[in-house]
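What follows is a single structure, written as structure tokens, with notes after it.
The values are calculated or read from the model by the stated rules, or taken from the named source; none is laboratory data. Bear in mind the structure is a predicted one, so any value in this text is a computation, not a measurement. Note that each Cβ is placed from the backbone with ideal geometry, even for glycine, and that neighbours are counted across all protein chains shown.
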Amino acid sequence: MSSWQTYLDSQSDRFLQELLDFLRIPSISSLSENAADVQKAAEWVARRMAAAGIEGVRILPTGGHPVVYGEWLHAPGKSTVLIYGHFDTQPVDPLHLWTHPPFEPIVKEGRVYARGASDDKGNMLIPILAVEAMLKTEGKLPVNVKFMFEGQEEIGSPQLPGFVAAQRDLLACDVVLSADGTQYSENEPALLLSLKGICGVQIDIKGAKGDLHSGVYGGTIQNPLHALAALIASMHSPDGKILVDGFYDAVVPLSEEDRAHIAAVPFDEEAYKRDLGVDEVFGEPGYTTRERAWVRPTLEVNGMWGGFQGEGTKTVLPNEAHAKITCRLVANQQPAQIIKLLEAHIAKHAPRGVRVTVTASNASSDPYSMPADHPANRAAYAVLEALYGRPPYYVRMGGSVPVCPMFLKHLGAYTVSLGFGLEDECVHAPDEFFRLSSFRRGQTAYAMMLEKLAE
């Protein structure tokens, strides 16, 4: 057994108590009344990093919630690794659905329950502990390491793009390890290869100058709700293909290797339907359900509203209607270009007799993909296989993680997802928890990964 592993084992009780202290800080980034708590969490992280032996630790302003930075750069000729995570959390509503108060952590049956336990405080603390173990036992790290922990991930990291661009030299690295991520199951590892990007618009349709009596005026002018329904319907074929001209033009076709990787990941479609409470799956023809979820672009209506929605009947011809749409994007699609295509489609198909306005959402992110055979992916593959006793699945995600394309754009560095959360851990929901077995396993994984990257 390595000396750092012996140290990790001997300090496990202390590390757990430190995690509980960390979890007691209500660092909810979306609520202004918790801004001081986000700052308090940053100060906790900075102190803990310094205690681990990490150098140059400082809290850096961003114009919003802060970033904590630190480094250890005494491995000449070796690569430089940037470790990323976040110390802010989601809100806790609805509070009455929590079994215990969300910021009073409870350890029960090998799990720690608290807001932020899995996303991302438990995972974020892991690499700090691994580095401490290596420095305390060996006096050095096998590679150069930088740390960047943020306090605004749960609100979309609004100041982070400008911060990373401005701090390009400080953050310069060869590869990023993200502590914000998951494995496939307790006994099955996963290696993330791609994430979807995102963009969106709001459609506002106006008709008459005010709501009208549907008996007096119905059938004489355009109904904004009818116009919106027709406009939305024009965006998909009956079988689910997106009909916006040019939408698929930049999409990279799936290779046979891609399809084989996806097919190798266990998927029970009957269980999927049963869990979701639907009778059948639906979507773009020619692709499996998993392929559509992971590697095909989508256009989804997230909300539609207008007219009377109260109890009973109100015979009104409404004067306005609205919809919010988001598109999940895949490799080579660009949010700005997709917005232009949506605007052109809406202008072309807008029904007569109404005024249509399209407003792009501020929330956008480029898609992200990393080659399976990238050296850092090969290193992670070997580490995960050794830890779990079986090779990891190559997985993709339909969601968006903006820091990954951000690091690639500004630092020229790919991001390996090396987090140890699991999908059932109630992330963003009441009774969030983190498995202590994952907390311990992750510490070993990070030490192994730093050694592997030095080879």
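Go through the stretch 24-46 and count every residue that is assigned to a helix (DSSP H, G or I) and either under 16 Å from residue 153 (Cβ atoms) or in contact with a Lys or Arg (Cβ under 6 Å, 6 or more places away or on another chain) (or both).
Result for the stretch 24-46: 8.
Would you say residue 128 is surrounded by 20 or more Cβ atoms within 10 Å (Cβ to Cβ), of a type outside the set (Phe, Trp, Tyr), in contact with a Lys or Arg (Cβ under 7 Å, 6 or more places away or on another chain) and in a helix (DSSP H, G or I)?
Yes; evaluated as a whole, the condition is true for this residue.
Please work out which one of (1) free of Cβ contacts under 8 Å to residues at least 60 places away in the same chain; (2) assigned to a loop (DSSP other than H, G, I, E, B) is the condition residue 303 fails and give its number.
(2)
So which of 277, 246, 306, 240 ends up being closer than 24 Å to residue 366 by Cβ and among the small types (Gly, Ala, Ser)?
246
Rundown of residues vs (1) surrounded by fewer than 21 Cβ atoms within 10 Å (Cβ to Cβ); (2) closer than 19 Å to residue 292 by Cα; (3) free of Cβ contacts under 8 Å to residues at least 12 places away in the same chain, yes/no style:
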| site | (1), (2), (3) |
| --- | --- |
| 362 | yes, no, yes |
| 367 | no, yes, no |
| 373 | yes, no, yes |
| 382 | yes, no, no |
| 387 | yes, no, no |
| 392 | no, no, no |
| 400 | no, yes, no |
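Do we find a residue being surrounded by 15 or more Cβ atoms within 10 Å (Cβ to Cβ), over 25 Å from residue 360 (Cβ atoms), modelled with pLDDT of 95 or more and of a type in the set (A, V, I, L, M, F, W, C) anywhere in the stretch 255-263?
Scanning the stretch 255-263 turns up at least one residue that is surrounded by 15 or more Cβ atoms within 10 Å (Cβ to Cβ), over 25 Å from residue 360 (Cβ atoms), modelled with pLDDT of 95 or more and of a type in the set (A, V, I, L, M, F, W, C).
Determine, yes or no, whether residue 250 is within 24 Å of the chain's Cα centre (by Cα), loosely packed, with under 13 Cβ neighbours inside 10 Å and more than 30 Å from residue 207 (Cβ to Cβ).
no
Quickly run through the stretch 268-290 and pick out the residues that are under 30 Å from residue 246 (Cβ atoms), surrounded by fewer than 16 Cβ atoms within 10 Å (Cβ to Cβ) and not polar (S, T, N, Q).
Once the filter is applied, which keeps residues that are under 30 Å from residue 246 (Cβ atoms), surrounded by fewer than 16 Cβ atoms within 10 Å (Cβ to Cβ) and not polar (S, T, N, Q), the stretch 268-290 yields 280, 281, 282, 285, 286.
Do we find a residue being within 30 Å of residue 408 (Cβ to Cβ), touching a helix residue (DSSP H, G or I) at 6+ places or on another chain (Cβ under 9 Å), buried (at least 18 other Cβ atoms within 10 Å of the Cβ) and of a type outside the set (A, V, I, L, M, F, W, C) anywhere in the stretch 137-149?
Yes, the stretch 137-149 has at least one match.
Output the residue which, of all residues in the stretch 71-125 that are part of a strand (DSSP E or B) and among the polar types (S, T, N, Q), is surrounded by the most Cβ atoms within 10 Å (Cβ to Cβ).
89
Can you go through 321, 293 and tell me which one is under 21 Å from residue 196 (Cβ atoms), crowded, with 19+ Cβ neighbours inside 10 Å and either modelled with pLDDT of 95 or more or not hydrophobic (A, V, I, L, M, F, W, C) (or both)?
293
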